[in-house]
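Quick notes on the structure that follows.
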Amino acid sequence: MTTSRPDGLPVDGGASAVAVDLTPLVRRAALAPSRADQVAAQLSEVIAKLRPGERLGTKNELRERTGVSVGTFNETLRILQSQGQIELRRGPHGGLFVAERSPMAQLGHAVLQLDTNAASVTEAMDIRDVLDPLLIQDAIEHHSSHHLALMREQLDHMAAAVRDDDGIAFLHANWQLHAVIADVSPRPILKAFYVSLLNLIEQHTIAIASDRAERPLAGFHQKRYRVHVQLVDAIASGDVRAAGRVLHKHNAGIARPES
């Protein structure tokens, strides 16, 4: 017999899958270059409403509901597994299940479940600005050639987005660059909290940018691109003072959402 959860998701009894309509997921995923990231973000919203140990379904069942390719869905699963959100169980009653959440994962979920209104996004941006110097310092001290290559790769994506005047692609590459910089840090709590803030801000910014997609912003994006190139150059050279100056310029150039 089918019952309804308090959050409105229909659930079959026993170990059967949660019946979730993920049609909007595919439409929203198309806004960004990486569909796997977008699908993972939307599935995270579903997972956050469930209890640890609840069954999501088989891989095939979930892939059919998302409507994405096998490759994209496998990448989505890799993202969710790396975040400790799901676990795969073998056997006749196996499938994908909600993982037990560590305190760090719970922190990330708590941030993502905040209402993305102007006040909460502004607060998230203010906190991010306070954390930026710590992460830039860590990036200067602990970066490797591999980290720098990943940063340059995102800069290439930003440059391509500027050429194409693609605001959504630019925003996605911009936030991905900051996630790469944060990943250099040896402090897991700082990284997890910072990336959760980025995800919150990105969700809001992508939604706003999508509503205003007809407005060309190539000039603004060109300036933002140059600032990020300078930031990566400062990290690569180990110049703490230069990085501080560029970071001040970077954060001063970001407008806060209107209330």
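The values are calculated or read from the model by the stated rules, or taken from the named source; none is laboratory data. These numbers come from a predicted model, not from an experiment. Note: ideal-geometry Cβ built from the backbone for every residue, glycine included; neighbour counts use all protein chains shown. Heads up: the accessible areas ignore ligands, DNA and RNA and are worked out on the full protein's heavy atoms, side chains in. Shrake-Rupley method; radii C 1.70, N 1.55, O 1.52, S 1.80 Å.
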For the range 57-67, in order, what is each residue's ³J(HN,Hα) by Karplus, 6.51 cos²θ - 1.76 cosθ + 1.60 with θ = phi - 60°, in whole Hz (x at glycine and Pro)?
x, 7, 4, 5, 4, 5, 5, 5, 5, 7, x
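Among 224-230, 41-47, what's the highest-first ranking by average C-beta atoms within 10 angstrom per residue? Walk me through the intermediate numbers first.
Details: 224-230: 17.3, 41-47: 19.6.
Packing order, densest peptide first, comes out as 41-47, 224-230.
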For the range 156-208, what class follows from the C-alpha gyration tensor (a ≥ b ≥ c being the square roots of its eigenvalues): rounded when a/c is under 1.5, otherwise prolate if a/b is larger than b/c, else oblate?
oblate
Please enumerate, by chain and number, the lysines with C-alpha under 17 Å from the C-alpha of residue 223, excluding those fewer than 8 residues away in the same chain.
249
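How much of the accessible area of the range 116-167, probe 1.4 Å, is carbon plus sulfur, in whole percent? Please list the in-between numbers first.
Details: 1370 of 2580 Å².
Using a 1.4 Å probe with all protein chains present, the range 116-167 comes out at 53 percent carbon and sulfur.
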Three-way shape label, the range 34-97, alpha-carbon gyration tensor, a/c 1.5:
oblate
